[in-house]
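Peer 1: Okay, handing you the structure first.
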Amino acid sequence: MQESKEKFIVPIGPQHPALKEPGHFEFTVDGETVTSATIRLGFVHRGIEKMAESRTYIQNLYLFERICGICSHVHATAFASGVEKLAGVTVSPRVKAIRTLFLELERIQSHLLWLGVAAHEGGFDTLFMYSWRDRETVMDIHETISGNRVHHSVNLIGGVKFDITPEQVKKSLKGLDFLEERAKYYEKVVTTDETFLGRTRNVGTMTKEQATVLSAVGPTARASGVQRDVRVESPYAGYPEYPVNIVLDEGGDLSARFIVRIKELYECFRICREILKNLPEGELSVKVPRRIPAGEVVSRVEAPRGELFYFIKSNGGETPERVKVRTPSLCNWSTISSVAVGHKLADMPMLLVGIDPCFSCNDRLVTVRQANTSQTMYWEDLRKYGVEYYK
Amino acid sequence: MEYETFIKDAEDILKKLGKDFQHPEPNRLDVYIDRTDLLAAAQAIVDAKWGYLSALSGLDCPAPKAEGQQPVEAGHLEALYHFCRMAAVTTLRVKVPYNDAHVPSICSVIPSATLYERELMELFGIIVDDTPIPDRLVLADEWPEGVYPLRKSFTGLDVPERAAQES
């Protein structure tokens, strides 16, 4: 207890206006330096895995699509492909291409959304406004094709719901050209703006070894030079036909995470164009039995934040026996608790946002012990503190 | 295919520890092991640099209802440790009985397993011995002790006695 007297806890959340989602973090600080961080999650825990056990496979498709509002399609694709594997049905190349197109469009909107949030946390509201304005272009593409901005509801078990018309292709390609120009501009900003680099360069550095030990996934891992991308390692949907070039950066710091995500946007544009220009022929859906044969299946896909893992067990009935969903944010949380130590409190907002945490996806958070004094700080306060500190 | 080599490697690594090996899909290997061998198996996988721990999930397998009164097989809980390397997935499966639902922690070998172990304890009531942080992770603070929502016997909080029956 002698030691603990010198420590000071800063609890943050669970309510904070900037992140828009509930999360509670606590950091123990020694002066300005963070000495430890821990996690307590569950503010938006909805019991979806339990719910799934009493719903039919078709109802579950809609349920899993609603795990996350940012990456709804990736959940539905992981679930639908898993169930199709269990049922022993193969979907047509056209279905695979349409699914892949939406997977990549979703990645574009997710990365742009993240860019805006990350810029905002760093106090760069102009970049935030720009990237969110431009994100509307990809949201419009979503709406043009699927009729929905967020829950695109593309999948059926055994197919997709709609085809893509030549007019939609034309409109989408135009939108992609505009976005590519904007992405180039963003790349220039995040790599050359000195004030921006002051907040990102050499901040939150995670070495390749750390990233491997901590089982980081997605852009967070790739920014530390770890080759981990399910699209490349275990291609699913249309990725065998439209291969992805993995984007890596050895930097490991926040700046590298910005660069990796922006460079991934170029890959997204390239794949979307390829698909739109050469849509293969095929039926839009195949018949899948209502009762799924007994068995177990593992379905892995690369969500915008990293590897998404589904384990589905069927007992031969109309409802699944068990569905396990392991979302990428869960893997990346553990990197925060380790990397935060030794950094300034003012760096925390950027550091947290650096992994692109998604609460509803995964819902988990950070708490700290060993302290007898504490001061409550709202996320907005911490953000302001960070911005002021670096002024 | 590349994954065939990886699956073969995994089989070699776990040859001595596994009780039963199964291939539910071409790219998957399920290895049934005793809980006493779990830590050694995890260590062997880490030492051989065979992929990474991708997920840990629980499974409740209650006794199947037979025609007669007596169930054919006793019900049990299962902890599944999924390791991924490229397209290959190796799953370590540990079966534990309801009345002695304990597994050792693998955090000493794989530190990132902590969150998964906490989730397993809360949702399935499988006690992970010596896990570094045993605190609640996802359930609400006022959630009653000893009620494990992902067990099949749990059908809602208004009938808490059902969860108590099986222990």
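Peer 1: Simple spin-label model, 7 Å along Cα-to-Cβ: A:Y390 to A:N278 in nm?
Peer 2: 4.3 nm
Peer 1: Give me, ordered by chain and number, the residues 5 or more places off A:G158 or on other chains with an amide H under 5 Å from its own placed amide H.
Peer 2: Here nothing satisfies the definition.
Peer 1: Using 7 Å Cα-to-Cβ label points, what is the A:E32/B:I127 separation (nm, one decimal)?
Peer 2: 4.7 nm
Peer 1: Quick one: ranking A:R66, B:R136, A:R305 by accessible area, 1.4 Å probe, largest first, what do you get?
Peer 2: A:R66, B:R136, A:R305
Peer 1: Counting only protein heavy atoms, what percent of the accessible surface of the protein assembly as shown is carbon or sulfur at a 1.4 Å probe?
Peer 2: That fraction is 53 percent.
Peer 1: Evaluate the distance, in nm, between pseudo-label points positioned 7 Å from the Cα of A:D193 and of A:Y266 along their respective Cα→Cβ axes.
Peer 2: The modelled label-to-label distance comes out at 2.0 nm.
Peer 1: Among the aspartates and glutamates, select those whose C-alpha is under 18 Å from the C-alpha of B:K15, and discard any that sit fewer than 8 residues away in the same chain.
Peer 2: Filter leaves B:E4, B:D30, B:D34, B:D37, B:D47.
Peer 1: Continuing with this model, one more query. About its Cα centre, how strong a charge dipole does the stretch B:21-159 have in debye, to the nearest 20, once Lys and Arg get +1 and Asp and Glu get -1 at the Cβ?
Peer 2: Using Cβ point charges on Lys, Arg, Asp and Glu, the stretch B:21-159 gives about 500 debye.
Peer 1: Still on this structure: What angle, in degrees between 0 and 90 and rounded to the nearest 10, separates the Cα long axis of helix A:125-146 from the longest principal axis of the Cα atoms of chain A?
Peer 2: 10 degrees
Peer 1: Please state the relative contact order of the stretch B:89-141 as a whole percent: Cα pairs under 8 Å, 6+ residues apart?
Peer 2: 34 percent
Peer 1: I'd like to know which of A:T191, A:F128, A:V232 lies farthest towards the positive end of the charge dipole of chain A, counting +1 on Cβ of Lys and Arg and -1 on Cβ of Asp and Glu.
Peer 2: With unit charges placed on the Cβ atoms, the residue in question is A:V232.
Peer 1: Further question: How high is the relative contact order of the stretch A:194-256, in percent, counting Cα pairs under 8 Å that sit 6 or more residues apart?
Peer 2: 45 percent
Peer 1: For A:E209, what accessible area in Å² do you get when you roll a 1.4 Å probe over the heavy atoms of the protein chains, rounding to the nearest 10?
Peer 2: Here the residue's solvent-accessible area equals roughly 120 Å².
Peer 1: Another question about this same structure. Heavy-atom accessible area of B:I33 with all protein chains present, probe 1.4 Å, nearest 10 Å²?
Peer 2: Roll a 1.4 Å probe over it and B:I33 shows about 10 Å².
Peer 1: With all protein chains present and a 1.4 Å probe, how do A:T319, A:T220 order by accessible area, largest first?
Peer 2: Accessible-area ranking of A:T319, A:T220, largest first: A:T319, A:T220.
Peer 1: Could you tell me the calculated FRET efficiency between B:E142 and B:D47, based on Cβ-Cβ distance and R0 = 35 angstrom, to the nearest 0.05?
Peer 2: Efficiency, rounded to the nearest 0.05: 0.20.
Peer 1: Rolling a 1.4 angstrom probe over the protein chains, ignoring ligands and nucleic acids, what is the accessible area of B:I110 in square angstrom, nearest 10?
Peer 2: 10 Å²
Peer 1: Next question, about the same structure. Would you mind checking the tilt of helix A:379-389 against the longest principal axis of the Cα atoms of chain A, expressed as 0 to 90 degrees and rounded to 10?
Peer 2: 60 degrees
Peer 1: Post the alpha-carbon centroid distance, the stretch A:31-103 to the stretch A:195-239, in whole angstrom.
Peer 2: The distance from the Cα centre of the stretch A:31-103 to that of the stretch A:195-239 comes to 21 Å.
Peer 1: Additional query: Taking a probe of 1.4 Å and counting only protein heavy atoms, give the total accessible area buried between chains A and B in Å², rounded to the nearest 100.
Peer 2: 3200 Å²
Peer 1: Any idea what angle helix A:254-277 forms with the longest principal axis of chain A, computed on alpha-carbon atoms, 0 to 90 degrees, nearest 10?
Peer 2: 10 degrees
Peer 1: Please give the calculated 222 nm ellipticity per residue for chain B, where each DSSP H segment of at least 4 residues contributes -39500 (n - 2.57) and the sum is spread over every residue; nearest 500 deg cm²/dmol?
Peer 2: -7000 deg cm²/dmol
Peer 1: Further question on the same structure: How much of the pair distance distribution for the protein assembly as shown lies past 47 Å, counting alpha-carbon pairs only, in percent?
Peer 2: Tail of the P(r) past 47 Å holds 10 percent of the pairs.
Peer 1: Could you order A:E307, A:E281 by accessible surface area, starting with the largest, using a probe radius of 1.4 Å?
Peer 2: Of A:E307, A:E281, the descending order of accessible area is A:E281, A:E307.
Peer 1: I'd like the distance between the alpha-carbon centres of the stretch A:290-306 and the stretch B:105-160, rounded to an integer number of Å.
Peer 2: About 23 Å separates the Cα centre of the stretch A:290-306 from the one of the stretch B:105-160.
The values are calculated or read from the model by the stated rules, or taken from the named source; none is laboratory data. Since the model is a prediction, treat every value here as computed from it, not as a measurement. Note that each Cβ is placed from the backbone with ideal geometry, even for glycine, and that neighbours are counted across all protein chains shown. Just so you know, the surface numbers come from the protein's heavy atoms only, side chains and all, with ligands and any DNA or RNA stripped out. Shrake-Rupley method; radii C 1.70, N 1.55, O 1.52, S 1.80 Å.
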